[in-house]
1. If a residue has to be at positive phi and not in a strand (DSSP E or B) to count, how many in region A:24-39 make the cut?
2. Does residue B:286 meet the test of being over 26 Å from residue A:254 (Cβ atoms), small (Gly, Ala, Ser) and surrounded by 23 or more Cβ atoms within 10 Å (Cβ to Cβ)?
3. Out of the residues in region B:392-449 that are polar (S, T, N, Q) and over 18 Å from residue A:137 (Cα atoms), state the one that is surrounded by the most Cβ atoms within 10 Å (Cβ to Cβ).
4. Within the set of pairs 6 or more residues apart or between chains, which connect a residue that is over 17 Å from residue A:154 (Cα atoms) inside region A:84-103 to a residue that is in a helix (DSSP H, G or I) and aromatic (Phe, Trp, Tyr) with Cβ atoms less than 9 Å apart?
5. Residues that are without any contact (Cβ under 8 Å) to a residue 60 or more places away in the chain and touching a strand residue (DSSP E or B) at 6+ places or on another chain (Cβ under 7 Å): which strands (runs of 3 or more DSSP E) entirely in region B:115-209 hold 2 or more of them?
6. Return the total of residues in region B:88-103 being within 14 Å of another protein chain (Cβ to nearest Cβ) and either touching a Ser or Thr at 6+ places or on another chain (Cβ under 8 Å) or outside any loop (DSSP other than H, G, I, E, B) (or both).
7. When you scan region B:205-248, how many residues do you find that are away from chain A (no Cβ under 13 Å), in contact with a Phe, Trp or Tyr (Cβ under 8 Å, 6 or more places away or on another chain) and farther than 11 Å from residue B:190 by Cα?
Amino acid sequence: MGLDVHFDWTGSIGEVVLGATKSDGGSRKISYRIGGGTTLPFLDADSPAPSPLIAFEVCDNPQFWSPIVRKYCGDITNNTPEWVHAAEASYGADLIRLYLTSTRQRNFTDVSSVGKTVEEVLSATDLPLIIEGSNEPKIDSDVFQKCGETGQGEKLLLGTAEASRYRSIAAAALAYDHSIIAQSPIDVNLAKQLNILLREIGIQRDHIVIDPYTGSLGYGFEYSYSAMERIRFSALKGDVDLAMPMICSAIDTLTVKEVRESELQIQDEIAVRWEFYTGFAAAVAGAEIICVRHPATIMMLRKAFGSLKSQDRTRMVM
Amino acid sequence: MALKALDIYKLLPKKNCKECGDPTCLTFAMKLAGGKADVDLCPYLDEQAKTILGATTRPPIKLVKIGVGERSFAVGEEFVLYRHEKTFYHPPGILFKIGDDQPVDAIIAVTKRVKSEAFTRVGSDLQFNGIAVENASGSAETFARAVEIIENVADLPLVLISPDQAALSAALVHCGTYRPLIHAATATNFKEMCSLAKQHGCPLVLKAHGLAELEQLVKKCTAEGAQDLVLDPAPVSLNDFIMSSTAIRQLAITRSSPELGYPVYLDTTGDGTEDAMIALGIVKYAAVMVTSPLNQASAKASLTLRQNIYTDPQKPIQMNPGLYRVGNPDKNAPVLMTVNFSLTFFTLQGYLESSHIPCFMLIVDTEGLSVLTAVAAGKLSESLVRDAIKKFGVETEVGHRSLIIPGYASPLSGRIEEATGWKVLVGPRDAAEIGDFLHEEWEKRKERS
């Protein structure tokens with residue numbers, strides 16, 4: 001009897017491609033294939049999966065972005081392309097997640113500006129891109145259509161579809177061959193339901209990334225962690241409607257009390273720890289894209305993933 | 001391998017005497033199968049049956065108690081690989097490591113910190129659990145003195161780290177009756193270590209890299225009579241730890257390797273990714289964790305993660321329904337209604353606090369369901385809102401009759417207006433936008449009126 005873990009998995013995680021290089025009809029310098037896992041995260045000694053991707057989140061109107069990040073990053077937060085460039089060149093992100101917060105102003109109508117922003121961001125970075133569209137059903141259709149069209153050929157990841165609101169985003173993804181983020185409120189069954197809805201309107205499984213919704217550390221993460229574990233577990237047990245890679249974005253992290261009200265001298269440190277503990281534990285539960293807003297969290301996660309990733313066992317010298 | 005309830009039943013006397021506290025032998029058998037009862041409760045078992053059952057019905061991971069008194073803690077007795085299958089029961093003890101070669105003041109300071117520091121979250125005080133003293137000096141005398149200093153400051157659980165039997169013996173003079181955890185027995189020194197552990201009745205860490213080696217060491221030490229064991233798989237990387245601790249947990253709970261049925265030890269210091277080691281230990285089955293004295297940021301984050309992971313995942317955390325104040329609201333302050341799911345409550349409360357607009361939060365009883373789920377399941381209704389307004393005396397607290405409801409509850413807005421007679425304003429769906437909403441809608445509305 002071998003002293004090792006033993007699972008009888010029958011399923012595996014489906015793969016999703018993010019970003020397209022020139023040879024694939026896009027302009028990115030790299031494209032990522034995420035998913036493909038055949039066992040629990042980081043127990044894949046026989047065929048080591050790559051490290052989870054670290055996405056840096058930016059927005060095109062930083063008015064309501066965390067003051068901690070605005071202070072740390074400085075004036076470039078007011079210049080989206082420059083900020084995006086820094087995320088790639090200085091902070092070391094794997095991909096960029098752009099929130100079109102400008103569309104969240106009341107009575108927003110200037111959809112052409114969305115196209116312009118997306119265009120500028122695409123030229124400011126060579127990394128694959130996640131785009132978060134509007135938050136307002138009335139303009140969803142125009143905004144997603146514009147994002148999809150502007151990013152045609154780039155294999156974007158568009159966010160965020162929910163059970164009550166997925167048609168506009170799905171239409172844009174289908175028309176321009178992008179993938180989408182499917183978010184459900186911390187529940188394995190609701191996640192499955194939404195994936196089925198999306199399939200029924202024509203979104204292929206290899207174009208869906210599950211967002212089980214990440215409550216931040218101390219504020220719901222206890223549920224998110226298990227929701228992620230259950231999704232991964234169901235997928236490995238053969239449920240193809242849950243066999244998609246997952247994304248973790250604990251968007252409230254920098255506004256929870258412990259971070260917001262911490263002493264100023266240690267505020268960056270605590271913001272980074274809060275993002276790190278959440279993102280790292282989520283990766284252990286199965287998330288393959290970890291989103292952060294504080295630049296200093298990126299290197300900390302990267303170093304940890306380097307040690308967490310399965311190594312080729314033959315090279316491990318004891 | 002584990003016996004099924006029916007197999008166990010066949011070995012029982014089938015008298016249904018109730019002396020074990022269970023109504024029938026079959027229900028007792030079911031408890032035994034689940035590791036929830038002790039074989040010794042049955043007075044009529046013959047020795048042979050006892051031996052068979054004893055080996056297969058004790059909890060798959062032995063409970064090991066470390067320290068004595070108020071701050072002592074127990075680890076082990078876990079049953080599942082995933083917390084959603086049941087829950088995790090015994091949170092890992094986290095102990096700050098300090099070398100015996102440190103200045104006396106530093107040793108005292110760390111001890112005092114662990115003794116008194118506590119973070120209060122959601123009604124619980126979160127604390128670190130004890131001190132791990134390392135025999136960095138190599139001197140038995142220095143080691144013993146460091147332990148004596150710590151014992152003079154606080155009654156905290158200790159880990160004594162030294163490869164040297166003489167140093168451990170000297171330290172145990174000061175703390176041997178307080179159940180410190182001894183680290184560690186290895187393939188070369190296990191005889192001496194087992195005899196020390198037995199002599200003082202202390203739990204003992206066995207350290208070996210590789211599960212086969214660990215299993216061998218357990219066999220040798222149990223043969224020497226050591227009982228309360230903790231296993232240190234001596235990981236060389238985060239991956240090495242997740243591999244070995246997952247394997248130990250799985251082999252233990254399936255009883256594939258009874259020798260590995262003991263709690264796991266993890267030293268997180270050393271390789272420069274300490275926060276990651278701590279987080280990994282918490283989510284992946286470490287039971288005793290030795291860390292450096294953590295800075296405030298890492299301290300709070302790690303204790304919060306431990307609290308999260310050791311919360312029963314099946315139970316929605318609920319707030320008591322009622323009227324909560326944010327700041328010092330007056331008669332004109334806005335009233336925001338939402339559900340009693342604690343995550344919803346704390347998220348909304350956080351954003352309200354940062355909006356700097358004093359207000360009331362009216363929390364209604366949706367049995368811990370979120371807004372979206374409560375609306376879908378019909379748990380959030382106009383009558384619930386009406387009754388809450390009456391019950392919590394909202395009408396005497398404010399002069400106006402306007403209620404802000406969550407964006408996801410908008411389908412109920414008309415019915416709530418009819419049932420309560422209050423004007424309903426539909427707020428944003430995302431709590432992050434509540435500050436903006438209040439400034440735009442509420443403050444302006446106030447100006448208009």
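The values are calculated or read from the model by the stated rules, or taken from the named source; none is laboratory data. Please read these numbers as outputs of a predicted model, since none were measured by experiment. Methodologically, a virtual Cβ is constructed for each residue, glycine included, from the backbone with ideal geometry; neighbour enumeration extends over all protein chains shown.
1. Qualifying residue count for the region: 2.
2. Against the criterion (over 26 Å from residue A:254 (Cβ atoms), small (Gly, Ala, Ser) and surrounded by 23 or more Cβ atoms within 10 Å (Cβ to Cβ)), residue B:286 qualifies.
3. First, the residues of region B:392-449 that are polar (S, T, N, Q): B:396, B:402, B:410, B:413, B:420, B:449.
Narrowing further to those that are over 18 Å from residue A:137 (Cα atoms): B:396, B:402, B:413, B:420, B:449.
On the way: B:396: 8, B:402: 13, B:413: 16, B:420: 22, B:449: 7.
For region B:392-449, the residue satisfying everything is B:420.
4. Correct list of pairs: A:101/A:64.
5. B:130-134, B:181-185, B:204-207
6. 1
7. Looking only at that region, the number is 3.
Here's the yes/no breakdown for (1) surrounded by fewer than 24 Cβ atoms within 10 Å (Cβ to Cβ); (2) on the phi > 0 side of the Ramachandran plot; (3) facing chain B (nearest Cβ under 10 Å):
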site: A:245; (1), (2), (3): no, no, no
site: A:251; (1), (2), (3): yes, no, yes
site: A:257; (1), (2), (3): yes, no, yes
site: A:261; (1), (2), (3): yes, no, yes
site: A:273; (1), (2), (3): no, no, yes
site: A:276; (1), (2), (3): no, no, yes
site: A:292; (1), (2), (3): no, no, no
site: A:296; (1), (2), (3): yes, no, no
site: A:299; (1), (2), (3): yes, no, no
